[in-house]
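A.B. asks: Below are the structure tokens for one structure; questions will follow.
Where a number appears in this text, it was derived from the coordinates with a stated rule and is not lab data. As the structure is a computational prediction, the values presented were derived from the model and not from experiment. Here the Cβ is made from the backbone with ideal geometry for all residues, glycine too, and neighbour counts use every protein chain on show.
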Amino acid sequence: MIVNTTFYVEPALKSEFEGWARDCYVAAAVKSTGYVSSMVMRLLVEIEAGAGYAVQLRFADDDAARHWDNAVAPELLSAAAKRWGERMVHFTTFMEELV
């Protein structure tokens, strides 16, 4: 099961956000139950308001992915929202690899 969270950040936050994604968000996922792997990617589409990123976290099963989404991620995303306010927005999508 893959938990994909897409982020949009203002241009001035790019470097700071990339550090947070690596050192906080993914670091917490590595310690989470059922973590398998992760990828942090920059979106290559033009966005007027800033830069887009996709953080994909692969978990061993649905339970581990739901645990991340319900118990771990909300605290991290809430802290990020307090830190950056409306200068960062995000949404999360659950994915299943088919091929």
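A.B. asks: Averaging sequence separations of C-alpha pairs under 8 Å and six or more residues apart, then dividing by the length of the range 11-63, give the relative contact order as a whole percent. Intermediate values should be presented prior to the final figure.
C.D. replies: On the way: 52 pairs, mean separation 18.7, N = 53.
Computed value for the range 11-63: 35 percent relative contact order.
A.B. asks: Determine ³J(HN,Hα), in whole Hz, for all residues of the range 13-26 in sequence, where each value follows from phi through the Karplus function 6.51 cos²θ - 1.76 cosθ + 1.60 and θ = phi - 60°; x replaces Gly and Pro.
C.D. replies: My calculation for the range 13-26 gives 9, 3, 5, 4, 5, 4, x, 5, 4, 6, 7, 10, 5, 5 Hz in order.
A.B. asks: Go through the range 34-99 and name the GluC sites (Glu not before Pro) that are in a DSSP coil and have 14 or fewer other Cβ atoms within 10 Å of their Cβ. Can you show the working numbers first?
C.D. replies: Details: sites: Glu46, Glu48, Glu75, Glu86, Glu96, Glu97; in loops: Glu46, Glu48, Glu96, Glu97.
Those satisfying the criteria are Glu46, Glu48, Glu96, Glu97.
A.B. asks: Now a separate question. Taking amide H positions as placed in the peptide plane 1.01 Å from N, state which residues far from Ser38 in sequence (5 or more) or on other chains have amide H under 5 Å from it.
C.D. replies: Arg58
A.B. asks: So how do Thr33, Thr93 line up by other beta-carbon neighbours within 10 Å, fewest first? List each step's numbers first, then the result.
C.D. replies: Working: Thr33 14, Thr93 11.
Ascending number of Cβ neighbours within 10 Å: Thr93, Thr33.
A.B. asks: Compute the distance in nm between two label points, each set 7 Å from the Cα along the Cα-to-Cβ direction, one at Asn70 and one at Ala49.
C.D. replies: 3.0 nm
A.B. asks: Would you mind checking which residues have amide H under 5 Å from Leu43's amide H? H placed 1.01 Å from N; only 5 or more apart, or other chain.
C.D. replies: Distant-sequence amide H within range of Leu43: Gly52, Tyr53, Ala54.
A.B. asks: Rounded to the nearest 500, what is the 222 nm mean residue ellipticity of the chain from helices alone, with -39500 (n - 2.57) per DSSP H run of 4+ residues and division by all residues?
C.D. replies: -8000 deg cm²/dmol
A.B. asks: Which distance in nm do the two modelled labels at Val99 and Asn4 give, with both placed 7 Å along the Cα-to-Cβ direction?
C.D. replies: The modelled label-to-label distance comes out at 1.5 nm.
A.B. asks: When the Karplus curve 6.51 cos²θ - 1.76 cosθ + 1.60 is applied with θ = phi - 60°, which whole-Hz ³J(HN,Hα) does each residue of the range 70-86 get, with x for Gly and Pro?
C.D. replies: Values per residue, Gly and Pro as x: 9, 10, 10, 4, x, 5, 5, 5, 5, 5, 5, 5, 5, 6, 10, x, 7 Hz.
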